[in-house]
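For reference, the structure discussed in these notes is given below.
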Amino acid sequence: MLCGERISAMIFLLLCFMIVSCNDTENEESRLSNEAEITSFTMTGLADAVEIKEGKVMASVLYGTDLVQIPTVGISAGATIAPEDIVERDFGSAVKYTVVAEDGTSKDWEVIVTVLPEALSNRAKILTFELDELQEDATITRGSVEGVIKSGTDLSSLKPKITVSEGATISPDSEVAQDFTDPVEYVITSEDGTIVNWIVMLSVLPSNTAKILAFELDELFDAATITDGSVEGIVKTGQDLSSLIPTIRISDGASISPASEVAQDFTSPVEYTITAEDGTEVKWIVNLDEGMILEDFEGGSHIFSETWNGGTTTIVNNPNTTGNSSAKVGELTKTVGPDYNLSLVGALPSSISNFDLSRSGKFKILYFNPNASAAQVQMKIEIPGDDYAVTVTTTKTNQWEELIFDFSDKDLDVTVDKLTFFFDYYNSDGSRKFYLDDFQQILE
Ligand SMILES: [Ca+2]
């Protein structure tokens, strides 16, 4: 048994020796590498890390990358690659390489390049904002549009034309009417679904209009005449001008001083200042005429300028202020004359501005007869081809008396040539004097 164990041990040792001898031989033979790997791969336009395994190179590039190019390929030390990696290849389809190891071992490789889809835009911008009513180009900043609209524009229904980033959408739509009285929100959704809220704020340019549009006053006989910078009106006969309360309507956004609906003294022209929305100030003059006083002998030009057939008119101090407190009156002196012994004073309507018979056929004078006997007074309206005449008789002596001449039953829509009075009409008595004042057309 012992001998047998020795033999076994010797055989074992021999085997061990033989194995070691064999390993030494193999190490000699494997000094040349058999590695034929692609160790790295780089090309222009790579989107991610390249995956290299099992004979495949998997690469992905950005949309739009030129797939015909020369990549940079890393290979195992001592190995060679064919075709050489300095050669341009078209990666539009799988590209094959063969790597040959130092020891001649070869390995086939395939490079597969995937092109990523086109990136969707995240832009959600308003690029332009157009509106005919804009005073100037709108200001577009991040998330907001501001614009100034021409004065007087109604903001409640405007249709802007809006352009947005390519691929983006807008809600509400462009060119659809919106109410811009308050800021309007537009939702812009980019191509990739990004939502951005934009605010559009429009304001109206302040107006520079400073006008009186309407002047209303119960005491006016008819509508006031409004022209640039002036208002002319005729108040009804007998009204006191010293405290009248007009209602004045002015341009939108403007203000008025003194205020509308506040009493003013219109015995002389009243100046109003209208201030437009933008601060522009315009002075307006309001001139109201009392009734239609055609002659009061107090100053200015006088309409009783004609004399005829022995009558004269002069302006004198009022001989009796009871019943007529004014300072000056007209004095009529009649001398003995032929024909109908008339005293006449004529008045030409053309010298009276704003006279219009169609307003009223009623006239009034204050008359003073200092003589013992009554007198007749005739008023005549001379029109082309005809005359209208009304005669009244005085009832008082030595005091002021109101005489009314009423032509209301006549056709008043006529052209008037002349207004004429015959004082002491049809009286053959000798030289006499009379006084008159406040000749007016009665407007009621
Ligand atoms: Ca007078």
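The values are calculated or read from the model by the stated rules, or taken from the named source; none is laboratory data. Just so you know, these numbers come straight off a predicted model, no measurement behind them. Every residue, glycine among them, receives a Cβ derived from its backbone with ideal geometry; neighbour counts consider all protein chains shown.
Summary of computed values
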read-out: Scan of region 375-393 for residues that are within 19 Å of Thr333 (Cβ to Cβ) and surrounded by fewer than 20 Cβ atoms within 10 Å (Cβ to Cβ), ordered by number; value: Gln376, Gln378
read-out: Count of residues meeting criterion [among the hydrophobic types (A, V, I, L, M, F, W, C), under 59 Å from the mean Cα position of the chain (by Cα) and assigned to a strand (DSSP E or B)] in region 390-407; value: 3
read-out: Conditions (1) in contact (Cβ under 8 Å) with a residue 24 or more places away in the chain; (2) charged (D, E, K, R); (3) more than 18 Å from Thr333 (Cα to Cα); number of the one not met by Asp411; value: (1)
read-out: Output for region 261-301, where each listed residue is buried (at least 18 other Cβ atoms within 10 Å of the Cβ) and either within 16 Å of the ligand (Cβ to nearest atom) or not in a strand (DSSP E or B) (or both); value: Phe266, Ala276, Glu277, Glu290, Gly291, Met292, Leu294, Glu295, Asp296, Phe297
read-out: Test: residue in region 374-385 that is assigned to a strand (DSSP E or B), modelled with pLDDT under 90, more than 14 Å from Glu401 (Cα to Cα) and within 16 Å of the ligand (Cβ to nearest atom); value: no
read-out: Given (1) at pLDDT below 90; (2) away from the ligand (no atom under 16 Å from the Cβ), index of the condition Lys410 fails; value: (1)
read-out: Conditions (1) charged (D, E, K, R); (2) outside the structural domain of Glu191 (by TED's automatic domain parsing); (3) modelled with pLDDT of 95 or more; number of the one not met by Lys53; value: (3)
read-out: When residues of region 422-440 are limited to those that are within 19 Å of Trp400 (Cβ to Cβ) and more than 16 Å from the ligand (Cβ to nearest atom), the one surrounded by the most Cβ atoms within 10 Å (Cβ to Cβ); value: Phe423
read-out: Those residues of region 178-214 which are in contact with a strand residue (DSSP E or B) (Cβ under 7 Å, 6 or more places away or on another chain) and acidic (Asp, Glu), in sequence order; value: Glu185
read-out: Checklist (1) among the β-branched types (Val, Ile, Thr); (2) under 30 Å from Lys125 (Cβ atoms); (3) buried (at least 17 other Cβ atoms within 10 Å of the Cβ) applied to Val187, failing item; value: (3)
read-out: Count of region 205-216 residues which are among the aliphatic types (A, V, I, L, M) and surrounded by fewer than 21 Cβ atoms within 10 Å (Cβ to Cβ); value: 3
